[in-house]
1. Among residues belonging to segment 318-344 that are within 16 Å of the ligand (Cβ to nearest atom) and among the aliphatic types (A, V, I, L, M), point out the one that is farthest from Gly384 (Cα to Cα).
2. For segment 173-204, which residues satisfy the criterion of being in contact (Cβ under 8 Å) with a residue 24 or more places away in the chain, under 22 Å from Lys22 (Cβ atoms) and aliphatic (A, V, I, L, M)?
3. Being in contact (Cβ under 8 Å) with a residue 24 or more places away in the chain, surrounded by fewer than 24 Cβ atoms within 10 Å (Cβ to Cβ) and either more than 16 Å from the ligand (Cβ to nearest atom) or under 20 Å from the mean Cα position of the chain (by Cα) (or both) narrows it down to one of Glu387, Glu347, so name that one.
4. Quick one: in segment 350-377, which of the residues that are part of a strand (DSSP E or B) and hydrophobic (A, V, I, L, M, F, W, C) is nearest to the ligand (Cβ to nearest atom)?
5. Within segment 10-27, identify whether any single residue is more than 21 Å from the chain's Cα centre (by Cα), at pLDDT below 95 and either over 27 Å from Thr367 (Cα atoms) or part of a strand (DSSP E or B) (or both), and answer yes or no.
6. Looking at segment 289-309, which of the residues that are more than 12 Å from the ligand (Cβ to nearest atom) and touching a strand residue (DSSP E or B) at 6+ places or on another chain (Cβ under 8 Å) is nearest to Ile191 (Cα to Cα)?
7. Take the residues in segment 41-76 that are among the charged types (D, E, K, R) and over 19 Å from the mean Cα position of the chain (by Cα), then tell me which one is surrounded by the fewest Cβ atoms within 10 Å (Cβ to Cβ).
Amino acid sequence: MSVIQVQGLRSLKGEIKIQGSKNAVLPMMAAAVLHKGTTVIHNVPRIQDVFCMLGILEHIGCICCFDGHSLTIDARDLTQAEIPEEYIKSMRSSIMLSGPLLGRTGNAVTSFPGGCSIGERPIDLHLSAFRKLGAIIEEKGDKLMVSANRLMGNHIYFPFPSVGATENALMAAVYAQGITVIHGAAKEPEIITLCEFLNNMGAGIHGTGTSVLIVKGVRELCDSEFTVAGDRIVAGTYLMAVMAAEGEIVIQGIQPGHLASAISLADRMGAELKRYESCLEVSMSGRPDCVDVITEPYPGFPTDLQSQLMAVMASAKGTGRIKETIFEGRFGTAKELHKLGADIIIEGKRADIHGLYPLKGNRVTATDLRGGAALVVAGLACEGVTEIHECHHIERGYEDICRDLSSLGAAIRGME
Ligand code: UD1
């Protein structure tokens with residue numbers, strides 16, 4: 001599916017079950033490499049990033065079976081500790097394998113992932129964590145070689161709570177001798193899931209959910225099974241969709257507590273929301289109000305929902321401002337929203353949005369995963385047809401956004 005067509009101005013109604021979390025499952029798949037045996041993960045989303053990670057796991061010698069939404073990874077016999085550059089270029093998260101490969105084999109050969117369309121994205125914090133554990137890092141041409149005879153527990157201090165660096169440090173520390181303390185760790189729900197997943201495999205991680213994670217090194221892990229929680233960003237995208245389209249929907253299979261910042265924002269914008277243990281009811285009638293928002297590490301408003309929020313505000317009432325503090329390039333979607341008639345002025349990390357309704361359907365192009373989803377959300381508030389091109393970006397993280405939104409009554413279809 002490379003093009004999505006949305007016929008706008010139809011309200012949404014119905015119930016939707018949310019797919020498993022991409023950002024939880026990718027590090028879990030990487031972590032499975034630590035164990036000389038079998039790991040089973042349930043509720044795995046059938047998305048392109050998962051298929052890419054599967055390709056890498058098979059390349060390094062894992063035997064994988066992806067049946068429905070259950071994935072079995074047998075990492076008994078690894079044959080490689082090198083991730084080819086094309087994988088790193090096609091999916092930045094492949095860098096997540098360097099921690100587990102280093103922990104398991106004492107070696108990881110990758111390359112610098114470089115920047116991407118949402119910003120610079122360095123990996124200095126990942127590398128500094130590996131160094132603290134005793135690893136040596138060498139650059140040869142495009143290759144980045146990380147090696148250690150025996151990793152030793154140590155104190156790791158992060159000046160910023162990087163999600164990826166926390167995950168890589170945790171995975172590398174699982175087999176490190178002694179105790180590793182990660183100070184300034186990220187607290188995203190996906191980090192908590194990774195800690196629970198690793199402990200379920202036999203790791204010794206304490207302090208889960210806090211900014212100080214303590215890892216007591218172990219000598220071996222065991223076979224395990226784990227179920228991934230619903231994807232809070234996909235859920236948040238559909239929350240934004242109903243704000244843009246108006247209507248009433250029930251979002252099933254999530255923990256609303258993980259979306260608290262987006263829920264309170266939707267409340268401020270005029271939606272009515274009811275939270276239950278594993279679902280969220282949302283109703284939006286009339287146009288939402290624009291608000292002022294800052295993206296922040298969890299539990300703040302997530303950068304991964306910023307573009308979708310911008311799409312809603314572009315078709316809301318009044319004027320609002322978004323300050324993006326995590327990824328400087330994440331305002332790229334504004335250029336495409338302009339083609340739909342949106343009034344957005346970008347100045348550095350700030351976007352000033354003056355809501356206009358309806359927007360006007362047009363041809364636009366997705367340039368990144370969440371920005372692509374945001375264009376679909378904007379299409380719901382457009383008069384006429386919005387045609388979104390380059391939708392492979394969306395397929396990286398959404399199983400089937402057309403299936404999901406059409407089950408809620410949207411007039412949307414995907415085309416090759
Ligand atoms: C993860 C998520 C991504 C989300 C982001 C922030 C996955 C697969 N991806 O990305 O969807 O948008 O968290 O919630 O889980 N930084 C450095 N040096 C580093 C690492 C990061 O300066 O070594 C900076 C980044 O440039 C960025 C900030 O830290 O400005 C946050 O990045 P980080 O939390 O690491 O995001 P990712 O793990 O890449």
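The values are calculated or read from the model by the stated rules, or taken from the named source; none is laboratory data. Computed from a predicted structure; not experimentally measured. Neighbour counts are summed over all protein chains in view; Cβ atoms, including those assigned to glycine, are modelled from backbone coordinates with ideal geometry.
1. Taking segment 318-344 and keeping what is within 16 Å of the ligand (Cβ to nearest atom), we get 322-333.
Next, from what is left, pick out any that are among the aliphatic types (A, V, I, L, M): 322, 326.
Values: Ile322: 27, Ile326: 34 Å.
Result: Ile326.
2. Answer for segment 173-204, where residues must be in contact (Cβ under 8 Å) with a residue 24 or more places away in the chain, under 22 Å from Lys22 (Cβ atoms) and aliphatic (A, V, I, L, M): Ala185, Ala186, Ile191, Leu194, Leu198, Met201.
3. On the way: Glu347 fails: in contact (Cβ under 8 Å) with a residue 24 or more places away in the chain.
None of the others qualify; the one that does is Glu387.
4. Filtering segment 350-377 for residues part of a strand (DSSP E or B) gives 350-354, 359-360, 363-365.
If we keep only those that are hydrophobic (A, V, I, L, M, F, W, C) too, we end up with 351, 353, 359, 364.
On the way: Ala351: 17, Ile353: 21, Leu359: 25, Val364: 22 Å.
Looking at the filtered set, the residue picked out is Ala351.
5. Step one: list which residues in segment 10-27 are more than 21 Å from the chain's Cα centre (by Cα), which gives 10-15.
Filter again for at pLDDT below 95, leaving none.
Scanning segment 10-27, I find no residue that is more than 21 Å from the chain's Cα centre (by Cα), at pLDDT below 95 and either over 27 Å from Thr367 (Cα atoms) or part of a strand (DSSP E or B) (or both), so the answer is no.
6. So in segment 289-309, the residues more than 12 Å from the ligand (Cβ to nearest atom) come out as 289-294, 308-309.
From the residues that got through so far, the ones that are touching a strand residue (DSSP E or B) at 6+ places or on another chain (Cβ under 8 Å) too are 289-294, 309.
Working: Asp289: 33, Cys290: 31, Val291: 29, Asp292: 28, Val293: 24, Ile294: 22, Leu309: 24 Å.
Selected residue: Ile294.
7. Applying the first criterion (among the charged types (D, E, K, R)) to segment 41-76 yields 46, 49, 58, 67, 74, 76.
Retained after the next criterion (residues that are over 19 Å from the mean Cα position of the chain (by Cα)): 58, 67, 74, 76.
Numbers: Glu58: 12, Asp67: 8, Asp74: 19, Arg76: 11.
Ranking the qualifying residues of segment 41-76, first place goes to Asp67.
Let's see how each residue does on (1) modelled with pLDDT of 95 or more; (2) on the phi > 0 side of the Ramachandran plot; (3) charged (D, E, K, R); (4) within 18 Å of the chain's Cα centre (by Cα):
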position	(1), (2), (3), (4)
Met243	yes, no, no, no
Glu248	yes, no, yes, no
Leu259	yes, no, no, yes
Met269	yes, no, no, no
Leu273	yes, no, no, no
Ser283	yes, no, no, no
Pro288	yes, no, no, no
Val291	yes, no, no, no
Thr295	yes, no, no, yes
